[in-house]
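The values are calculated or read from the model by the stated rules, or taken from the named source; none is laboratory data. No experiment lies behind these values; they were computed from the predicted model shown. Every residue, glycine as well, gets a Cβ built from its backbone with ideal geometry; the counts of neighbours run over all protein chains shown.
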Amino acid sequence: MPRIVQLPPTVINQIAAGEVIERPASVVKELLENSIDAGSNRIDIELEQGGTERIAIFDDGCGIAAEELPLALSSHATSKLRNADDLFAIRSMGFRGEALASIGSVARVTLQSRTHDSETGAELQCNGGDFSEIRSWNGSPGTRIEVKHLFYATPVRKKFLKQNATELGHITESFTKIALANTDVHLTLKHNNRMIYEVPAGASLLDRIRIFFGDEIAKHLFPVHREQGPVSLTGFIADPACDRGNSKLQYFFLNQRWFRDRSLGHALQEGYRGLLMTNRYCIGFLFLQMPPEMFDINVHPTKAEVRFIDSQALYHVVRGAIRQTLADKNLIPHLQLPE
Ligand code: ADP
Ligand code: MG
């Protein structure tokens, strides 16, 4: 048997990157979430070649102090969590302190930032885990991150990338989810110098749905609203006539974070019982809001899944709210409403 050795940090980060950074879209998601956590009002993203060549993000958020730049790119270093108790009261998108370190271990990253109360900014580079010195940088307050040559340091992972158009599709999907959940932030997405999306701040959720999914869908949406104890459910569902061949247009958000949940997807479909043919799916954009003590988001590194303390109760909230909305539109008789 070979001896047991402690792995070097770069290898540890590359292993972690394997979990969270699957493709360019994962980079975009993590960077966008950081900019949202930084309280940005405006976030601009530029991509080249489906993000495989270059991903750059510019925000006007709180910025990072010069001396903290190396920490920002180090694993298990975060400004969002202090102790184990905080884990069950998470209000930020991030908390694991792993995203930037993971990206830095598999790509060439330039991080430039300036806090709002400092005269100048600073920059730091990280190439496949190797740090440059901290240099001064003359930019406006906020943060700019450029990620080039994704997976150059892990060629096997690079081989799994699909065509640029496919990668771009995954990126716009991540972008859409974050844009739907953060209507107070101005967001833009450019690919090879062409503007793909420009979503102004302050537009309503319905306006954003119209931008991403078109007028035909936006015109046929019904508002959903239900409060049950500490749980609130809002959003929109579409007229059953807008049904689809798959469930891709069923979006769930929890405290402004997109998540995936089979049971709630089922509850949504059950809400339409009797109105859809078999293998047809409804459209829904549903936003749950509840105190962080009621669920655990620390299930999976990408935070795409949530464990709820009482998922049964939530199932009934969703199905009940959908039935009610459809009954109010006289699509189902009120008599058929479940308790
Ligand atoms: P996490 O988001 O889980 O804390 P990250 O690796 O994504 O971990 O980021 C590490 C730290 O770097 C964050 O906790 C934050 O303090 C800082 N940071 C990253 N991106 C930004 C940004 N755009 N603006 C301000 N601070 C940032
Ligand atoms: Mg983060």
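Can you confirm whether segment 81-91 contains a residue that is near ligand 2 (Cβ under 10 Å from one of its atoms) and either free of Cβ contacts under 8 Å to residues at least 12 places away in the same chain or within 25 Å of ARG23 (Cβ to Cβ) (or both)?
no
So is LEU264 touching a strand residue (DSSP E or B) at 6+ places or on another chain (Cβ under 9 Å), over 12 Å from LEU180 (Cα atoms) and buried (at least 17 other Cβ atoms within 10 Å of the Cβ) or not? Spell out how you get there, then give the answer.
Details: touching a strand residue (DSSP E or B) at 6+ places or on another chain (Cβ under 9 Å): yes; over 12 Å from LEU180 (Cα atoms): yes; buried (at least 17 other Cβ atoms within 10 Å of the Cβ): yes.
The answer is yes for LEU264.
Within segment 142-166, how many residues are surrounded by fewer than 21 Cβ atoms within 10 Å (Cβ to Cβ) and either outside any loop (DSSP other than H, G, I, E, B) or not assigned by TED's automatic domain parsing to the domain that holds LEU69 (or both)?
11
Could you count how many residues in segment 311-333 are within 29 Å of the chain's Cα centre (by Cα) and of a type outside the set (Ser, Thr, Tyr)?
Restricting attention to segment 311-333, the residues satisfying the condition of being within 29 Å of the chain's Cα centre (by Cα) are 311-323, 325.
Next, from what is left, pick out any that are of a type outside the set (Ser, Thr, Tyr): 312-314, 316-323.
Qualifying residue count for the region: 11.
Out of all the residues in segment 168-180, is one or more in contact (Cβ under 8 Å) with a residue 12 or more places away in the chain, part of a loop (DSSP other than H, G, I, E, B), surrounded by fewer than 21 Cβ atoms within 10 Å (Cβ to Cβ) and not hydrophobic (A, V, I, L, M, F, W, C)?
Looking for residues that are in contact (Cβ under 8 Å) with a residue 12 or more places away in the chain, part of a loop (DSSP other than H, G, I, E, B), surrounded by fewer than 21 Cβ atoms within 10 Å (Cβ to Cβ) and not hydrophobic (A, V, I, L, M, F, W, C), one finds none in segment 168-180, hence no.
For segment 210-244, give me each residue that is within 24 Å of ASN330 (Cα to Cα) and outside any strand (DSSP E or B). Lay out the reasoning, then the answer.
Within segment 210-244, the first condition is being within 24 Å of ASN330 (Cα to Cα), and the residues that meet it are 215-228, 232-244.
Matches in segment 210-244: ASP215, GLU216, ILE217, ALA218, LYS219, HIS220, ASP239, PRO240, ALA241, CYS242, ASP243.
Step by step: first the residues of segment 17-43, then only those that are crowded, with 19+ Cβ neighbours inside 10 Å and more than 12 Å from ligand 1 (Cβ to nearest atom), then the one that is nearest to LYS158 (Cα to Cα). Which residue is that?
The qualifying residue nearest to LYS158 (Cα to Cα) is ARG23.
Is segment 201-215 home to any residue that is farther than 19 Å from GLY271 by Cβ and touching a Lys or Arg at 6+ places or on another chain (Cβ under 7 Å)?
No, every residue in segment 201-215 fails to be farther than 19 Å from GLY271 by Cβ and touching a Lys or Arg at 6+ places or on another chain (Cβ under 7 Å).
Looking at SER74, is it within 12 Å of ligand 1 (Cβ to nearest atom), polar (S, T, N, Q) and under 17 Å from the mean Cα position of the chain (by Cα)?
Numbers: within 12 Å of ligand 1 (Cβ to nearest atom): yes; polar (S, T, N, Q): yes; under 17 Å from the mean Cα position of the chain (by Cα): no.
No: the conditions fail for SER74.
Tell me, please, whether a residue that is more than 22 Å from ASP86 (Cβ to Cβ) and free of Cβ contacts under 8 Å to residues at least 40 places away in the same chain can be found in segment 285-293. Explain how you work it out, then say what you get.
Just the residues of segment 285-293 that are more than 22 Å from ASP86 (Cβ to Cβ), to begin with: 285-287.
With the extra rule that they be free of Cβ contacts under 8 Å to residues at least 40 places away in the same chain, the set shrinks to none.
No; the residues of segment 285-293 include none that is more than 22 Å from ASP86 (Cβ to Cβ) and free of Cβ contacts under 8 Å to residues at least 40 places away in the same chain.
Considering only residues of segment 181-209 that are in a strand (DSSP E or B) and among the β-branched types (Val, Ile, Thr), which is surrounded by the fewest Cβ atoms within 10 Å (Cβ to Cβ)?
Taking segment 181-209 first, the residues in a strand (DSSP E or B) are 186-191, 194-199.
Imposing the further condition that a residue be among the β-branched types (Val, Ile, Thr) reduces the set to 188, 196, 199.
On the way: THR188: 17, ILE196: 15, VAL199: 20.
Top of the filtered list is ILE196.
Under the condition of being hydroxyl-bearing (Ser, Thr, Tyr) and crowded, with 16+ Cβ neighbours inside 10 Å, which residue from segment 112-139 is nearest to VAL11 (Cα to Cα)?
Per the stated criteria, the residue is SER113.
What residue, of ILE36, ILE15, ILE43, is in contact with a strand residue (DSSP E or B) (Cβ under 6 Å, 6 or more places away or on another chain) and either within 22 Å of ARG96 (Cα to Cα) or within 15 Å of ligand 2 (Cβ to nearest atom) (or both)?
On the way: ILE36 fails: in contact with a strand residue (DSSP E or B) (Cβ under 6 Å, 6 or more places away or on another chain); ILE15 fails: in contact with a strand residue (DSSP E or B) (Cβ under 6 Å, 6 or more places away or on another chain).
Among ILE36, ILE15, ILE43, only ILE43 is in contact with a strand residue (DSSP E or B) (Cβ under 6 Å, 6 or more places away or on another chain) and either within 22 Å of ARG96 (Cα to Cα) or within 15 Å of ligand 2 (Cβ to nearest atom) (or both).
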